[in-house]
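The values are calculated or read from the model by the stated rules, or taken from the named source; none is laboratory data. Computed from a predicted model, the values in this text were never measured in an experiment. A quick note on method: Cβ atoms are made from the backbone with ideal geometry, for glycine too, and the neighbour counts reach across all protein chains shown. The accessibility values were calculated without ligands, DNA or RNA, using every heavy atom of the protein model including side chains. Shrake-Rupley method; radii C 1.70, N 1.55, O 1.52, S 1.80 Å.
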Amino acid sequence: MTRDVEGHADDVSRDTAIDRSIMGDVGAVALRGLRKRYGERTVVDGVSLEVRPGEFFSLLGPSGCGKTTTLRMIGGFERPDEGSVLIDGRDVTGDEPEARPVNTVFQNYALFPHLDVRGNVAFGLRFARAGRGDADRRVAAALELVQLGSFGARRVHQLSGGEQQRVALARALVLEPTVLLLDEPLGALDAQLRARLQVELSELQRRVGITFVYVTHDQHEAFTMSDRIGVMRDGRLLQVGAPREIYERPASVDVARFIGAANLLHGTVTARGVADLSGQRMAVPDDAPLGDAVVMVRPERIRLGAGDRSARVERVTFAGASLRVDLRVGEVALVAEVPNDDRAASLRAGDTTTIDVPADAVRVLSPLRG
């Protein structure tokens, strides 16, 4: 966490009135069998999902997987062909966006260049029929919440990308939604600023307590900020779980392929706790079912210089803080990721080493589920 973020967190803890002045009721979101088609193409295919009140929930998937369309159906910008959207138990499927207790932050922020920061944040309050005094108070509190309390008179063109993103957040929060929808709001920012704002946004959500539904294609972003993640592909929801669960226990080959780097090895579980991979025996969890399987091992769980299994080093690739080591064990190709320390830096293609793969590092997946 950066020093600036830490300092702001201390300030907020001393003045919780800022939070109470913004925070609305927390909201639960339920999707029931949502489907959306454009012509012959089904872009959302039977998505059912429960988002808990006050949760930071991310929809994660590659471009074109249906995550933004799902978000737009929650917000009322798209109508499902089938299924329903419920917020706090109320069916809002037929409601217009302005009639739903939600607000949306878009990737392009959609700020008005002819208005100053204060005018942008206050814009939606015109339609909420807030009195002048109430509107001024809510705008000031929203700007303080996103660390822009002194920026009210500035124009949009005078703001950095990160500052514009914060204005867009303040404009959404000032309306006191129960659910905030965010469609890749950090996508246009450079990597360093994006990383810093991920921390700030996650911290902000936990302070205000509003339910966030966040769309991203960035796995690191989803892991950093989310309480739970829903992984989507081809319009379908493949798995929902906490970040660690999604990473360490993917429910299918598709999820394992998309989330992080993984060794996916085809083989057969021949006995309790044992799989055969092209003639190589590997310890697997005792509850793995017998038969054909895909064995998944994350590269960072392969330990070099340990165990008694001989492996040939095929290639060593520098990756900053770590090294990627391509290995071959008999007919089985593996990729290991190891810290870039003195011992690993001495590895060269053609070397022979030993490896160990702990049984708890192995996940057995059915090929039929991928």
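What to note about this one:
- Taking N as the residue count of segment 149-228, its C-alpha radius of gyration divided by 2.2 N^0.38 Å amounts to 1.10.
- Nearest-ten-degree value, helix 191-208 long axis tilted from longest Cα axis of the chain: 60 degrees
- The loop-placed trypsin sites (Lys or Arg not before Pro) in segment 311-370, going by DSSP, that have at most 13 neighbouring Cβ atoms within 10 Å of their Cβ come out as 348.
- Given charges at beta-carbon only (K, R positive; D, E negative), |dipole| of the chain in Debye: 440 debye
- Semi-axes of the equivalent ellipsoid for segment 277-346, Cα gyration tensor, largest first, Å: 25, 13, 11
- Helix 132-145 axis versus longest C-alpha principal axis of the chain: approximately 20°, rounded to the nearest ten.
- Calculated log₁₀ intensity ratio I(q)/I(0) where the Debye formula runs over C-alpha points of segment 165-295, q = 0.11 Å⁻¹: -0.54
- Among the GluC sites (Glu not before Pro) in segment 261-343, those located in a DSSP loop and surrounded by at most 12 other Cβ atoms within 10 Å of their own Cβ are 331.
- In plain terms, the C-alpha convex hull of segment 29-81 casts an average shadow of 3.8 nm² when viewed from every direction.
- Using C-alpha pairs below 8 Å separated by at least 6 residues, the relative contact order for the chain is 16 percent.
- Rounded to 5, the percent of DSSP beta bridges in the chain classed as antiparallel: 75 percent
- Helical contribution to [θ] at 222 nm, DSSP H n ≥ 4, -39,500 (n - 2.57), averaged over the chain, rounded to 500: -8000 deg cm²/dmol
- Carbon + sulfur, % of accessible area of the chain - ligands and nucleic acids excluded, 1.4 Å: 47 percent
- Averaged over its residues, segment 202-323 has an accessible area of 45 Å² per residue, based on protein heavy atoms and a 1.4 Å probe.
- Given their separation in residues at 0.36 nm each and the Cα-Cα distance between them, residue 112 and residue 132 gain 5.2 nm when the chain is fully extended.
- Translational diffusion of the chain, µm² s⁻¹ [Kirkwood Rh, Cα pairs; Stokes-Einstein; 25 °C; 0.890 mPa s]: 106 µm²/s
- Ratio Rg/Rh, restricted to segment 63-174 and using Cα atoms, in which Rh is the Kirkwood radius: 1.03
- Qualifying trypsin sites (Lys or Arg not before Pro) in segment 159-201, where qualification requires a DSSP coil assignment and no more than 11 other C-beta atoms within 10 Å, are lacking entirely.
- With kT/(6 pi eta Rh) evaluated at 25 °C and eta = 0.890 mPa s, and Rh the Kirkwood radius from Cα pairs, segment 240-292 diffuses with a coefficient of 201 µm²/s according to Stokes-Einstein.
- Helix 161-173 vs. the chain, principal-axis angle (Cα, 0 to 90°, nearest 10): 60 degrees
- When the Cα gyration tensor is reduced to axis lengths a ≥ b ≥ c, the ratio a/c is 1.5 or higher for segment 233-370, and with a/b not above b/c it is classed as oblate.
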